[in-house]
1. Count, please, the residues in the range 175-208 that happen to be charged (D, E, K, R), within 11 Å of the ligand (Cβ to nearest atom) and over 13 Å from the mean Cα position of the chain (by Cα).
2. Of ALA71, ALA58, ALA39, which residue is part of a loop (DSSP other than H, G, I, E, B), surrounded by fewer than 16 Cβ atoms within 10 Å (Cβ to Cβ) and not aromatic (Phe, Trp, Tyr)?
3. Starting from the range 272-294, take each residue that is assigned by TED's automatic domain parsing to the domain that holds PRO242 and list its partners that are hydroxyl-bearing (Ser, Thr, Tyr), counting only C-beta distances under 7 angstrom and pairs at least six apart or across chains.
4. Quick check on the range 227-234. Is at least one of its residues β-branched (Val, Ile, Thr), free of Cβ contacts under 8 Å to residues at least 60 places away in the same chain and crowded, with 21+ Cβ neighbours inside 10 Å?
5. Does ASN89 fit the bill of being modelled with pLDDT of 95 or more and in contact with a Gly (Cβ under 7 Å, 6 or more places away or on another chain)?
6. Mind listing just one residue for me: the one in the range 280-304 that is hydrophobic (A, V, I, L, M, F, W, C) and closer than 15 Å to PRO242 by Cα and, of those, farthest from the ligand (Cβ to nearest atom)?
7. Would you confirm whether any residue within the range 84-94 is in a helix (DSSP H, G or I) and loosely packed, with under 15 Cβ neighbours inside 10 Å?
8. Would you be able to tell me the number of residues in the range 139-166 that are of a type in the set (S, T, N, Q) and assigned to a helix (DSSP H, G or I)?
Amino acid sequence: MWTSTPRAATNKVIRRLTTLCHGAMGMPAQVIDCGRIAAQVKAELKDRVLKLHMSGNAPGLAVVLVGDDPASKVYVNMKAKECRELGINSKQQNLPATITEDELLRNLDYLQADPKVHGLLVQMPLPDHISETKVMERIDPDKDVDGFNPINVGRMLMGAPGMLPCTPHGIQQLLVRSGNTPEGKHVVIVGRSNIVGKPMAAILVQKAAGANATVTVCHSATKDLASLTRQADVLIAAMGRPQFIKADMVNEGAVVVDVGMNRVEDAKSEKGYRLVGDADFEAVSRKAKAITPVPGGVGLMTRAMLMVNTVRAAEVAVEKAQARRR
Ligand code: NDP
């Protein structure tokens, strides 16, 4: 007997069959089109950026790079490119790896005193003699477009408005916009870093639309990891271990989000290496319902959400300036 409209019920049956077929018949998973979703997120910003320009408040992002780590340089350049494409002003400051912690902190104070700098971020990782915590604490919460300042972390935990960290926020957007809402699902996160695993859990556990998940967080001390990952409706791998997640660790029909960005040697590649994720893509995609690729996956969303935070930071600065004038 139909309990809802015939079309809705038919769609439900088709969805269920499709999910079952993915594992049982070895159908390849849907590769989530992260490029399309990131482009959609950025397209939604265009009017807001235009409005800021028209009011004489062109949004501005300052990025600080300490040292000359090649991967960090690539990330910083990609962020600047995104800014150019959206009409966001960006400035990059390259500092030597020998800079002292105190000099770096004073430099951040100087940068964020500039009203044209709405967003400020320091590319991680930092040299060992500089405390990342002190750096995160020093950035003004209103300009903290990485969402790492403890004030923003606290707001995120409480579900209050604030800057959300770009990678986990981008993953939430990916899930929702690809039709794989985490609501009511069991999400298993492998990794508990302050920039991915922990904030991912904090975002998805909220009693809010696009969240409302039951979340399990795993790490290197987790016993029998596979028994937990196999329970996941949504598995988020953020370990930094190349191709660690194998097909037998994934539930049939699961959605797999691969955050990992690992360089592995590859003599056939011009660069001598290639990028792989934390999941064994070929094998896992024969079992999963949907999966994100690496490269061209979560990283695109991280940068799109950085643009969202920068635009928001500029809007907040304008709103606060208007409130002061009233
Ligand atoms: P971290 O090294 O800070 O954290 C890794 C986490 O994985 C830790 O919590 C660690 O556990 C856990 N872990 C490592 N090995 C195992 C294992 N064998 N079993 C279970 N858990 C394990 O990494 P990040 O969170 O900074 O980054 C993770 C990956 O995501 C990296 O490849 C990074 O390059 C990538 N990344 C990609 C981004 C993007 O935009 N695409 C953005 C940020 C990161 P423990 O805490 O016990 O040590």
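1. 1
2. Among ALA71, ALA58, ALA39, only ALA58 is part of a loop (DSSP other than H, G, I, E, B), surrounded by fewer than 16 Cβ atoms within 10 Å (Cβ to Cβ) and not aromatic (Phe, Trp, Tyr).
3. From the range 272-294, the pairs are LYS289/THR19; ALA290/SER178; ILE291/SER285.
4. Quick first cut of the range 227-234, residues β-branched (Val, Ile, Thr) only: 229, 234.
Filter again for free of Cβ contacts under 8 Å to residues at least 60 places away in the same chain, leaving 229, 234.
The next check asks that each one be crowded, with 21+ Cβ neighbours inside 10 Å; those that pass are 229, 234.
Yes: the range 227-234 contains one or more residues that are β-branched (Val, Ile, Thr), free of Cβ contacts under 8 Å to residues at least 60 places away in the same chain and crowded, with 21+ Cβ neighbours inside 10 Å.
5. yes
6. Of the range 280-304, the ones hydrophobic (A, V, I, L, M, F, W, C) are 281, 283-284, 288, 290-291, 294, 298, 300-301, 304.
If we keep only those that are closer than 15 Å to PRO242 by Cα too, we end up with 281, 283-284, 294.
Numbers: PHE281: 14, ALA283: 17, VAL284: 16, VAL294: 8 Å.
Residue satisfying both the conditions and the ranking: ALA283.
7. In the first step, residues of the range 84-94 are kept if they are in a helix (DSSP H, G or I); the result is 84-86.
When the remaining residues are screened for being loosely packed, with under 15 Cβ neighbours inside 10 Å, the result is 84-85.
Checked against the condition, which is being in a helix (DSSP H, G or I) and loosely packed, with under 15 Cβ neighbours inside 10 Å, the range 84-94 yields at least one hit.
8. Counting residues in the range 139-166 that are of a type in the set (S, T, N, Q) and assigned to a helix (DSSP H, G or I) gives 1.
The values are calculated or read from the model by the stated rules, or taken from the named source; none is laboratory data. Predicted model only: the values in this text are computed from it and were never measured. Every residue, glycine as well, gets a Cβ built from its backbone with ideal geometry; the counts of neighbours run over all protein chains shown.
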